[in-house]
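Below is one structure, written out as structure tokens, with a few remarks after it.
Every read-out reported here was derived from the displayed coordinates using simple, explicitly stated rules and does not represent laboratory data. As the structure is a prediction and not an experimental result, all values here were calculated from the model.
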Amino acid sequence: MTLDLIISPRSNARYGRPPGTKPWRRQRSCSRLTLRDTDFLARLAANTSRALLPETDSAAGRRAADRLCATLEEHHFPRVNRLTASAGVARQPRDGMEALELMNAVDTALSTAKKSGRRRVSAPPRRAPIESREGGRATDP
């Protein structure tokens, strides 16, 4: 799952860019309260985080993303007030087997969520079935 957090333009105009990383430390704390102990959260950029949710199917991943976005949007961040959050979710093997494939899939899903009006959770479109190595019928990852 990749999260993109947006500070309202009104807050930016009033307070300027948030100083340092204080809002993002709070975001990490909120996220840790929402995610499971086995989940891993990392900050990728100033407003982007990525979470790995081991042994999670697509439906549970979407629910976790929805829950996390709602938690972050309901939290009051000092000097920032409220954030909006969008998320992209992808899972292995459906959206890729390798780490780079999964990162590309989740980034595509996040882009779709943001282009769809923000404050959304999106998953990448299903990939085409893969031909088996034995030359048999196609399988769906």
Quick one: length gained pulling Asp66 to Lys115 fully straight, 0.36 nm per residue minus the C-alpha distance? 15.9 nm
Interchain or sequence-distant (5+) residues whose placed amide H lies within less than 5 Å of the amide H of Arg91 are none
